[in-house]
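Here is the structure we will look at.
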Amino acid sequence: MELLDLLKQRLRTRLAYRGDVFAGFVSGTLLAVVGPVFITTLFQNVSTLGRWTAPEVLFVWGFADTVSGCFYVVFGGLYVLNRRYILGGELDRLLVRPVDAYAQLLLDNLALEELPTALLGLLVMAIALSWGLPSPEPWRWLLLPVWIAAGLATLGGVVTAIASLGFHLHHRGTAVGLSMQLTSFSRYPLDLFGSPLRWLLTVLPFGFAGFYGACLFLPRPELQLYAWATPAVGVVALVGGYAAWRVGLRRYTSVGG
């Protein structure tokens, strides 16, 4: 079965239950709205956060939300890799098909209901511009899809590597949830936090899935080096994550073996 055929089959299956998808859209949208509402409420009482203005913080939040929304659409299968596929034995089903097991894992758990989070993130970035955020040069906007994809690759690659520890440790996947908690910090300018946390989010590198990537579109020349590094970080993270998956897969023992 070709990868494209598998994708079409998965989409048809998901869309066959339109009520569930719609309910997911609604709940996902309501959850995603909480963050921007919090930010706007906060800046009704303060004019700046550290050295960052309200439009800048809102834009960073929107960029990070777009990336995380795309992550949950594409990489949601990583949450159930250990519990369902490794410990539960469903990985056997993927391994007998002539399609890469990693791609099957992702397509099996494609979460269309998470799309509103990504779309809301784009809307929040537009609102930040309407609030008075200086618009960057037009050519930078042409790079926005690339930077979002790079942030997605960074987040997906790092979490893939963490999820792949399940091949070695046989845990139920709590490490993925804990690591994703760190991404909430990348929704804010990282210099609001202490040096250890900034270092951690740069090295891991969750910061490139939000704050650093967003800086390409902000008037912050001191952070442009980090911003321009975002695509390279994304490629390295995704390649490294897939390599960790392949190493772990070689240690997998079928539940029927």
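Numbers below:
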| quantity | calculated |
| --- | --- |
| Cβ-Cβ FRET estimate between LEU197 and VAL96, R0 fixed at 51 Å, reported to 0.05 | 0.70 |
| Inter-part distance where the stretch 82-101 and the stretch 156-212 are each reduced to a Cα centre, Å | 25 |
| Under 13 Å, Cβ to Cβ, from LEU119 - net charge with Lys/Arg +1 and Asp/Glu -1 | -3 |
| Length added when fully stretched, SER130-LEU182, from 0.36 nm per residue minus Cα-Cα | 15.8 nm |
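None of the figures in this text is laboratory data; all of them are computed from the coordinates on show. Treat the numbers as computed from the prediction; the structure is a model and nothing was measured. With ideal geometry, Cβ positions are generated from the backbone for all residues, glycine too; neighbour counts draw on all protein chains shown.
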